[in-house]
Amino acid sequence: MQLLARHLILVSAESESDAETRIRHFFDNTSLVRYDRISIAEPPVAAAAEKFQERLDEGLAENRRLLKQFIGELGTAGCQSRQDLAELPQGYQSKVLHIIAHFLDGFIGIDSAFYNLVDDSHWLTEQTEKAIQDQPDRFWLFSLEGFAAKPETAVLLHR
């Protein structure tokens, strides 16, 4: 098995085991990424835990870093303005634009460092942030690793 991706997943549920079940159900049913195996890389972090906010901030910061990196790659590939998008060649440049779009529209991909399963988003809404503060016993962060037996045959929409 080859490691394809690592994700930090925010989930809301009544218990830690229910949270894990929701995450596994999501990955079993999404058509955006396919892994032959998902493993929990480290123990989940409850919102009430001291390190929760630090981990959450790290995940969000990594998504921002990745988004800026992809925007930079698109610029390096010759796309400097909105008008350039109409002339974007099919291939590498359009694929980078596709990845950027998914960071903004909420579709998970193998490039997603942090994913908010509560809002189907790469970011944290004010509403969810408030819910975490009000009900910290209902939110967890799970560090996951996604593996594929044959990466070349896996459904990977983002690389």
What FRET efficiency would be calculated for the residue pair residue 150, residue 25, taking the C-beta separation as r and a Förster radius of 35 Å, to the nearest 0.05? 0.90
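Would you mind giving the average projected area, over all directions, of the Cα convex hull of segment 31-120 in nm² with one decimal?
Quarter of the Cα hull surface area: 7.5 nm².
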What number comes out for accessible area per residue over segment 3-61 if the probe is 1.4 Å? Units Å², please. 55
Per residue value of the accessible surface for segment 71-140 (all protein chains in place, 1.4 Å probe), Å²: 57
Could you report the accessible area of residue 26 in Å², rounded to 10, computed with a 1.4 Å probe on the protein chains as they sit in the structure? 40
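Ranked by accessible surface with a 1.4 Å probe, highest first, in what order do 45, 118 come? Present the calculation step by step, with values, prior to reporting the outcome.
On the way: 45 5, 118 60 Å².
Final ranking, largest accessible area leading: 118, 45.
Counting only protein heavy atoms, what percent of the accessible surface of the chain is carbon or sulfur at a 1.4 Å probe? Spell out each step's value before the answer.
On the way: 4420 of 8960 Å².
Exposed carbon and sulfur together represent 49 percent of the surface.
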For the chain, with a Gaussian network of springs between Cα atoms less than 10 Å apart, report the residue from 16, 50, 62 with the top mean-square fluctuation. 50
Could you give the dipole magnitude of the chain about its Cα centre, charging the beta-carbon of Lys and Arg +1 and that of Asp and Glu -1, in debye to the nearest 20? 540
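The values are calculated or read from the model by the stated rules, or taken from the named source; none is laboratory data. A quick note: this is a predicted structure, and the numbers were derived from the prediction, not measured. Neighbour counts are summed over all protein chains in view; Cβ atoms, including those assigned to glycine, are modelled from backbone coordinates with ideal geometry. Please note that ligands, DNA and RNA were not included when accessible areas were found on the heavy atoms of the full protein model with its side chains. Shrake-Rupley method; radii C 1.70, N 1.55, O 1.52, S 1.80 Å.
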